[in-house]
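Below is a structure I'd like to ask you about.
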Amino acid sequence: DFRLLLGRSLAAWEMSGGAFNPALQPLWRYLASHFAETPGAAPDRGEIARLLGLADPGGIALAAGEARLAPGMALSLNGIAQGYVTDRVADLLAAEGLSDILIDMGEIRALRGRAWDIAFAGSPDRLALAGGAVAQSAGRGTPFTADGAWHHLIDPATGRSANRFAAVTVKAPLAADADWLSTALYVLPPDRHGAVLAHVAGAAARLTPRLTLRQP
């Protein structure tokens, strides 16, 4: 399962043009630690650049029996693993002939049958889900700073938290796809969304904009 999940992650990295990056863990760890220890101080730009240099999924060698990382690399599969596990549970239940079930393992997937009314935190919007999956990415999920300007959704192109949207919600046939798509689209400008969504048949996104926040 880990090898399959990592393979899906590398495919998502390629399909998103690098916007979904499973190798950002060293930078994520640095930012989380920095703001926990020195809440009012800006992170070191040189350290951000250095850690971005380690975040190259092209340095991951994946074979049938092993995965090798380049020195200094580390993985974070938070933007896809919950969706992957959701799909695995869905497959097990569907194989037993079950239906009319909503699975929530951090991301949401509905088996065939009835429609479910899905609500979103902080929004009056609702989505009717009858089969398929839905995932949402939002900076408010794991803020590093009190004002929310720095959070866990890091743009691999800049090393800084993305603040274009309050949330990105994606509906797709599989939860793993909805999961990585919502992460990738959160850091990308809207004019690039169509090309990324085109890689997953049946996928659609809902964007919730936010006021622009300045980062130190």
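The values are calculated or read from the model by the stated rules, or taken from the named source; none is laboratory data. Remember, predicted model here, so these are calculated numbers, not experimental data. Heads up, the Cβs are rebuilt from the backbone with ideal geometry, glycines too, and the neighbour counts pull from every protein chain shown. Protein only, heavy atoms only, side chains kept; ligands, DNA and RNA dropped before computing areas. Shrake-Rupley method; radii C 1.70, N 1.55, O 1.52, S 1.80 Å.
Report yes if some residue within segment 82-98 is charged (D, E, K, R), closer than 23 Å to R206 by Cβ and open to solvent by less than 60 Å² (accessible area, probe 1.4 Å); otherwise report no. Talk me through it step by step, then tell me what you get.
Looking only at segment 82-98, we keep the residues that are charged (D, E, K, R), and these are 87-88, 91, 96.
Within this subset, residues satisfying the condition of being closer than 23 Å to R206 by Cβ are 87.
Retained after the next criterion (residues that are open to solvent by less than 60 Å² (accessible area, probe 1.4 Å)): 87.
Yes, because at least one residue in segment 82-98 is charged (D, E, K, R), closer than 23 Å to R206 by Cβ and open to solvent by less than 60 Å² (accessible area, probe 1.4 Å).
A further question on this structure: Quick one: which residue in A149, A176, A198 is free of Cβ contacts under 8 Å to residues at least 40 places away in the same chain and either under 25 Å from D44 (Cβ atoms) or not hydroxyl-bearing (S, T, Y) (or both)?
It is A198.
If you don't mind, another one. Just to be sure I understand, how many residues within segment 18-42 are touching a residue at least 60 places away in the same chain (Cβ under 8 Å) and touching a helix residue (DSSP H, G or I) at 6+ places or on another chain (Cβ under 7 Å)?
The number of residues fulfilling the criteria is 4.
Here is a follow-up. Tell me, which strands (runs of 3 or more DSSP E) wholly within segment 125-175 include 1 or more residues that are among the small types (G, A, S) and crowded, with 20+ Cβ neighbours inside 10 Å?
132-137, 165-172
Moving on to the next point. Scan segment 176-206 for residues that are on the phi < 0 side of the Ramachandran plot and surrounded by fewer than 16 Cβ atoms within 10 Å (Cβ to Cβ) and jot them down.
Passing the criteria: P189, P190, D191, R192, G194, A195, A198, H199, A201, A204.
Please indicate, with yes or no, whether at least one residue in segment 79-88 is within 19 Å of the chain's Cα centre (by Cα), among the polar types (S, T, N, Q), within 26 Å of A138 (Cα to Cα) and part of a helix (DSSP H, G or I). Give the derivation first.
Taking segment 79-88 first, the residues within 19 Å of the chain's Cα centre (by Cα) are 79-88.
Within this subset, residues satisfying the condition of being among the polar types (S, T, N, Q) are 82, 86.
With within 26 Å of A138 (Cα to Cα) added as a condition, the list becomes 82, 86.
Those still in the list that are part of a helix (DSSP H, G or I) too: 82, 86.
So far as segment 79-88 goes, yes, one or more of its residues are within 19 Å of the chain's Cα centre (by Cα), among the polar types (S, T, N, Q), within 26 Å of A138 (Cα to Cα) and part of a helix (DSSP H, G or I).
Do the conditions hold for P39, that is, is it surrounded by fewer than 12 Cβ atoms within 10 Å (Cβ to Cβ) and not in a helix (DSSP H, G or I)?
Details: surrounded by fewer than 12 Cβ atoms within 10 Å (Cβ to Cβ): yes; not in a helix (DSSP H, G or I): yes.
Here the answer is yes, as P39 does meet what is asked.
Out of the residues in segment 107-124 that are outside any strand (DSSP E or B) and among the charged types (D, E, K, R), which is nearest to W180 (Cα to Cα)?
Filtering segment 107-124 for residues that are outside any strand (DSSP E or B) and among the charged types (D, E, K, R), the one nearest to W180 (Cα to Cα) comes out as E107.
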